[in-house]
1. Of all residues in region 190-199, which are crowded, with 18+ Cβ neighbours inside 10 Å and either part of a loop (DSSP other than H, G, I, E, B) or more than 11 Å from the ligand (Cβ to nearest atom) (or both)?
2. Check N182, N207, N158 and return the single one that is surrounded by fewer than 17 Cβ atoms within 10 Å (Cβ to Cβ) and within 19 Å of L251 (Cα to Cα).
3. When you scan region 156-167, do you find a residue that is away from the ligand (no atom under 14 Å from the Cβ) and assigned to a helix (DSSP H, G or I), even just one?
4. Does region 116-136 hold any residues that are of a type in the set (A, V, I, L, M), more than 15 Å from the ligand (Cβ to nearest atom) and closer than 16 Å to I153 by Cα, and which are they?
5. Within region 218-235, does at least one residue satisfy the condition of being among the charged types (D, E, K, R), out of contact with any helix residue (DSSP H, G or I) (no Cβ under 9 Å at 6 or more places or on another chain) and surrounded by fewer than 17 Cβ atoms within 10 Å (Cβ to Cβ)?
6. Give the residue, chosen from A91, A128, A96, that is closer than 18 Å to I227 by Cβ, of a type in the set (G, A, S), in contact with a Ser or Thr (Cβ under 8 Å, 6 or more places away or on another chain) and outside any helix (DSSP H, G or I).
7. Among the residues of region 137-152 satisfying the criterion of being within 14 Å of the ligand (Cβ to nearest atom) and touching a strand residue (DSSP E or B) at 6+ places or on another chain (Cβ under 7 Å), which is nearest to N256 (Cα to Cα)?
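The values are calculated or read from the model by the stated rules, or taken from the named source; none is laboratory data. Computed from a predicted model, the values in this text were never measured in an experiment. Please note: Cβ atoms are built from the backbone with ideal geometry, for glycine as well, and neighbour counts cover all protein chains shown.
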Amino acid sequence: MNINADTELYCLIGNPISKSLSPLIHNFIFEHTSINAKYLAFNVNNSYDLEKAVAGIKALGISGFNVTIPYKIEIMKYLDEIDEKAQILGAANTVANINGKLIGYNTDGDGFIKSLKDQGIDIRGKKAAIIGAGGAAHSIAVSLVYEGIKELIIINRNLKNAEKLQGFVKKIKSSVYISCCNLDEVSIIPNDVDLLINTTPVGMYPNIEDMPIFPSLFTSKTVFYDIIYKPENTKLILEAQKLGYRTINGLDMLVNQAIYSQKIWNSKLSNEDLDWAVIKKKIISIIKNQILK
Ligand code: NAP
């Protein structure tokens, strides 16, 4: 696509951003949907530069942007409006610039839930266990609660952080039964959880032989979801597959959260323009063949 005076600009801000797959995903979507726009990644060195970057985005009329580590929380103070989920989480990963007004959203949890639904998994009234209590765990826990999960077990290396997440989720919906434990206390985790989600970096490249928990502690009822996408299938996923258990890897969530950002930025796109299943399949294939090989 030709770049001309009408080309809109979208971008990612964070630090580091050199390994980000967002430019690949969003530029593919712009090409695929014939939107005259480009997406770049900008490394923002520190908080002082973040303020200046936001002022620059406004001054130049950059149409929208994503925010990644370490600015998902800090960006909130520069936003003019914040949608409900981002407000609850206190973190935004997607910002739309509407006539100079910056509106913040968080699409991480929605991307996760969409991948469950695409697999026909209904988690209403079910029991899930989350390993980890960081940013991704917060987004996922809040989304699970919104979707009607009945019971949540938070398993984390640092028990205090698990308890903090427990308190956070309880405030959103007190009727959800939530417990937490340390990663060393796996013997007390019930083996009948419907969904086990790894949100820690354990097993991520280059430490691909690591695993946060043994799948053999669970039964074939449990679906294993690892949000790591490099490698595409972590040791946790491969070991669960060996036992015949159902698994989902992190690529699905990664692409879904990006498509949700596009839907926010380009609300006029119809479902036919942005055919989710087709776009996701093509992007995942490009990532697998060009990046993860
Ligand atoms: P984060 O906020 O830093 O949280 C990391 C969590 O993992 C913390 O609970 C931490 O425990 C735990 N942890 C870290 N190292 C550990 C270790 N060696 N052993 C046991 N636990 C450990 O990170 P995040 O933003 O939530 O991201 C976590 C992972 O999710 C990353 O691998 C990231 O790439 C992936 N991710 C994927 C997607 C996607 O779209 N697929 C989206 C977001 C994130 P403590 O509390 O004890 O420190």
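1. Selection gives V193, D194, L195, L196, T199.
2. On inspection, the qualifying residue turns out to be N207.
3. There is at least one residue in region 156-167 that is away from the ligand (no atom under 14 Å from the Cβ) and assigned to a helix (DSSP H, G or I).
4. Correct list: I123, A128.
5. yes
6. A91
7. Selected residue: I140.
Residue-wise test of (1) touching a Gly at 6+ places or on another chain (Cβ under 7 Å); (2) small (G, A, S); (3) farther than 22 Å from K19 by Cα.
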{"site": "K38", "(1), (2), (3)": "no, no, no"}
{"site": "F42", "(1), (2), (3)": "no, no, no"}
{"site": "E51", "(1), (2), (3)": "no, no, yes"}
{"site": "A59", "(1), (2), (3)": "no, yes, yes"}
{"site": "F65", "(1), (2), (3)": "no, no, no"}
